[in-house]
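*Asks:* Before I ask anything, here is the structure I am working with.
The values are calculated or read from the model by the stated rules, or taken from the named source; none is laboratory data. Note that this is a predicted model, so its numbers are computed, not measured. Note that we place each Cβ from the backbone using ideal geometry, even for glycine, and neighbour counts take in every protein chain shown.
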Amino acid sequence: MKSTLTCCLLAVGVSALPSPQSTGPQPAASSPASSLTDLFPDHGENAVPFGPKPTGCSDFEVLVARGTSEPGPFGIIAGDPLVKNVVAAMPEARGYAVQYPAVYSTESVLIGAEDVVNRVTEQNLACPSQKFALVGYSQGARVMRAASVKFDPSIYPKILALVMFGDRGMRDLNITQFPPHLQTKLFENCAPADPGCSGVGTDPAPHLTYNANGTTYQADSARFIIAAFKGTPLPAKTAVPEASIVGGASGTSPGAESPPPPEPGCG
């Protein structure tokens with residue numbers, strides 16, 4: 001994992017992993033490198049270490065599924081800064097790192113989806129007043145999509161917000177789609193020219209900009225989750241250019257998920 005960590009740190013221009021449970025404003029990372037082929041030879045091959053799995057109850061829990069090979073407690077590109085900002089504003093919230101390998105395989109997505117469903121279901125039984133937000137970056141977004149159709153519908157009211165970054169499922173209808181009850185709580189972040197979610201180009205750089213200087217992805221996403229947790233939800237954001245949509249199905253069964261295609265950068 002050392003080479004993977006070095007690559008991702010170089011790509012997003014940070015020198016250390018942020019502490020997701022500390023308070024204070026989250027500094028944005030600088031713009032990423034535009035070429036990662038030589039820097040990232042093992043992308044998608046090595047499993048990432050599992051992040052935090054807190055015990056007991058909290059008022060709110062933010063479940064985060066990282067991108068492929070993405071290091072960090074919740075993922076340095078999207079999850080770490082987002083959890084940090086939400087917890088800074090709402091100390092009664094906490095983060096949970098989805099326990100999955102984040103490698104290129106069908107099993108990786110399904111393992112992650114099963115962990116999400118088990119976690120929310122078990123916490124709901126143990127902590128009936130607890131509410132949840134689901135966050136996914138790149139392959140992690142596929143994990144959340146696969147999990148979303150496995151929940152018992154009685155769980156839907158407990159899930160107050162969903163936030164995705166670089167989500168290929170926005171434009172690829174062959175990937176599992178979120179149920180209508182959750183679509184109304186969904187906030188999609190898709191950087192211009194991110195080939196994963198926009199279908200534009202092949203440059204991996206935009207796929208790594210979700211904590212870059214001059215962007216508002218983190219602030220907007222934290223605001224969306226915090227408003228939902230406070231009972232004042234903001235409007236959903238799910239639009240993607242129609243010309244970029246591929247596939248004609250209404251979504252595949254999570255049991256039939258294909259391996260996530262190689263996605264740019266650390267996603």
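*Asks:* Of all residues being surrounded by 23 or more Cβ atoms within 10 Å (Cβ to Cβ) and outside any loop (DSSP other than H, G, I, E, B) in segment 156-171, which is modelled with the lowest pLDDT? Just the residue, please.
*Replies:* Step by step, filter segment 156-171, then rank; the result is Met170.
For every residue, the table says whether it meets (1) in a loop (DSSP other than H, G, I, E, B); (2) modelled with pLDDT under 95; (3) among the charged types (D, E, K, R).
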{"site": "Ala222", "(1), (2), (3)": "no, no, no"}
{"site": "Ala227", "(1), (2), (3)": "no, no, no"}
{"site": "Gly231", "(1), (2), (3)": "yes, no, no"}
{"site": "Val240", "(1), (2), (3)": "yes, yes, no"}
{"site": "Ser258", "(1), (2), (3)": "yes, yes, no"}
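*Asks:* Scan segment 179-191 and give yes if some residue there is part of a loop (DSSP other than H, G, I, E, B) and touching a strand residue (DSSP E or B) at 6+ places or on another chain (Cβ under 6 Å), otherwise no. It would help to see each step written out before you state the result.
*Replies:* Applying the first criterion (part of a loop (DSSP other than H, G, I, E, B)) to segment 179-191 yields 179, 184-185, 190-191.
Now drop any that are not touching a strand residue (DSSP E or B) at 6+ places or on another chain (Cβ under 6 Å), which leaves 185.
So far as segment 179-191 goes, yes, one or more of its residues are part of a loop (DSSP other than H, G, I, E, B) and touching a strand residue (DSSP E or B) at 6+ places or on another chain (Cβ under 6 Å).
*Asks:* Of all residues being under 10 Å from the mean Cα position of the chain (by Cα) and not hydrophobic (A, V, I, L, M, F, W, C) in segment 59-92, which is nearest to Asp194 (Cα to Cα)? Just the residue, please.
*Replies:* Within segment 59-92, the match that is nearest to Asp194 (Cα to Cα) is Gly67.
*Asks:* Here's something else I'd like to know. Identify, by number, the condition in (1) among the hydroxyl-bearing types (Ser, Thr, Tyr); (2) at pLDDT 95 or above; (3) more than 20 Å from the chain's Cα centre (by Cα) that Thr23 doesn't meet.
*Replies:* (2)
*Asks:* All but one of (1) free of Cβ contacts under 8 Å to residues at least 24 places away in the same chain; (2) crowded, with 22+ Cβ neighbours inside 10 Å; (3) of a type outside the set (A, V, I, L, M) hold for Asp194; state the number of the condition that does not hold.
*Replies:* (1)
*Asks:* Being farther than 17 Å from Ala88 by Cα, in a helix (DSSP H, G or I) and aliphatic (A, V, I, L, M) is the filter here, so list the residues in segment 195-220 that pass it.
*Replies:* Passing the criteria: Ala205, Leu208.
*Asks:* Now for a separate question. Collect the residues in segment 89-144 that are in a strand (DSSP E or B) and either more than 20 Å from Tyr217 (Cβ to Cβ) or acidic (Asp, Glu) (or both), keeping them in residue-number order.
*Replies:* Passing the criteria: Arg94, Tyr96, Lys131, Phe132.
For (1) of a type in the set (Lys, Arg); (2) crowded, with 23+ Cβ neighbours inside 10 Å; (3) over 16 Å from Ala161 (Cα atoms), each residue gets a yes or a no:
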| position | (1), (2), (3) |
| --- | --- |
| Lys53 | yes, no, yes |
| Asp59 | no, no, no |
| Val64 | no, yes, no |
| Gly72 | no, yes, yes |
| Gly75 | no, yes, yes |
| Ala78 | no, yes, no |
| Leu82 | no, yes, no |
| Ala88 | no, no, yes |
| Pro91 | no, no, yes |
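*Asks:* Looking at (1) surrounded by fewer than 20 Cβ atoms within 10 Å (Cβ to Cβ); (2) in contact with a Lys or Arg (Cβ under 6 Å, 6 or more places away or on another chain), which is the one condition that is false for Gly140?
*Replies:* (1)
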